[in-house]
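Some notes on the structure that comes next.
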Amino acid sequence: MRGILYGIGVGPGDPELMTLKAVRLIRESDVCAVPGEHVEKTTAYRIAVQAVPELKDKELLPVYMPMVMDRKLQQRCHKEGAEKIEACLLQGKNVAFLTLGDPGIYSTFPYVQHLVEADGYETALVSGIPSFCAAAARLNMSLVEWNEPLHVIPAAHKPDAGLHQEGNYVLMKSGSKMEKVKALLRASRRDVMMVENCGMAQEHVYRGVEEIPDDAGYYSLIIARERREQT
C-alpha cells in the first residue's frame, strides 16, 4: 500500500485557527513535510507544533522551495522535493505537507502535488483559513457585502496592474514592492487597511495608506474597499 500526500493548510498564524481535520491528519501522518531547508525554523511548522506538540517526535522532511524568479531552479527544486516525498509514499507512509493559509491559494503545495500525482500517487487537500479572511476578522470588518465583487491579486508580481475593477481588492505578497503598491492604492481612492504578520507575535495593523511602512514584511496583507455610503 502506498501512502497518501496531504496538503494541509495551517491557517495564517494563530494555531487556534487550525481546523480539527488539519490537527487530526497531522497527528495521524507518518511524515511531516514543510517547504524550507530546516523544518523547525519554518513558519508553518512553528504554527502547527503549537496545536500538535507530537510533531516534535515525527519524521520531518524539509522540501527546499526557494522564493526566486529563476524558473529552472524552481522546477529543479520542485522535482527534488517530489522525489523525496515519493520515497516516503512508496514505503506506505502518509505525508502531511504543511502550508500557510489554504493550500489552494498561492501555495507552494500544488507545485509538488502535480508532480506526485503525475507519478501515480494519491493526494488530498485540507482547507485552512486564508490569510485575507483572518485579516478581515482581525480588522473586525467584512470583505464584501451584497453584490460586491472581490479581487485577490499577488501584488508583488503585478505592481503596475492597477485597481480598476469594480469592487474590493485583497493584495497579497505586497511587501517587496510596497512603494509601488502604495502608489496604486492612493490612485484607487479606496479605504485601505493592512495587517502584517496576522495572528503572529509580531502582528501590526495599519489603517490608511500613509500608515503603511515602505519596508513592511513579507506577510503583509492589504484590503482595499470601495468607500460605502452611510445608511
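Values quoted throughout were computed directly from the atomic coordinates according to the rules given, and no laboratory measurement underlies them. Small disclaimer: the values here were computed from a predicted structure and weren't measured. Counting neighbours? That spans all protein chains shown, and the Cβs are built from the backbone with ideal geometry, glycine included.
Summary table below
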quantity	calculated
Filter on K56/K84; K21/K93; K58/K173; K79/K182; K56/K93; K72/K182 - keep pairs with C-alpha separation over 25 Å	K58/K173; K79/K182; K72/K182
With Cα atoms, 0 to 90° folded angle of helix 71-90 axis to the chain main axis	40
Dipole moment magnitude, nearest 20 debye, the range 58-215 about Cα centre, only Lys, Arg, Asp, Glu C-beta charged	280
R24 paired with L150, simple spin-label distance in nm, labels 7 Å along Cα-to-beta-carbon	2.6
Beta bridge orientation in the range 131-225: antiparallel %, DSSP, nearest 5	70
Listed peptides 40-50, 15-25 by packing density, highest first (mean Cβ within 10 Å)	40-50, 15-25
Built amide H within the under 5 Å cut-off of Y219, gap 5+	N197
Derived scalar couplings ³J(HN,Hα) [the range 12-24; Karplus, 6.51 cos²θ - 1.76 cosθ + 1.60; whole Hz; x for Gly, Pro]	x, x, 7, x, 5, 8, 6, 7, 4, 5, 4, 4, 5
Residue-span extension gain [S142 to Q165] - 0.36 nm each, minus C-alpha spacing	6.4 nm
Cα gyration tensor, the range 131-225 - rounded (a/c under 1.5), prolate or oblate	oblate
Protection proxy ranking, peptides 65-72, 162-169, 77-84, average beta carbon neighbours within 10 Å, highest first	77-84, 162-169, 65-72
Proximal lysines relative to K180, as straight alpha-carbon distance under 26 Å, when same-chain residues fewer than 8 apart are discounted	K158
Estimated inter-spin distance, A124 and E210, nm [label 7 Å along Cα→Cβ]	5.3
The chain, relative contact order in percent, only Cα pairs under 8 angstrom and at least six apart counted	21
In degrees, nearest ten, helix 178-188 long axis to first principal axis of the chain (Cα)	50
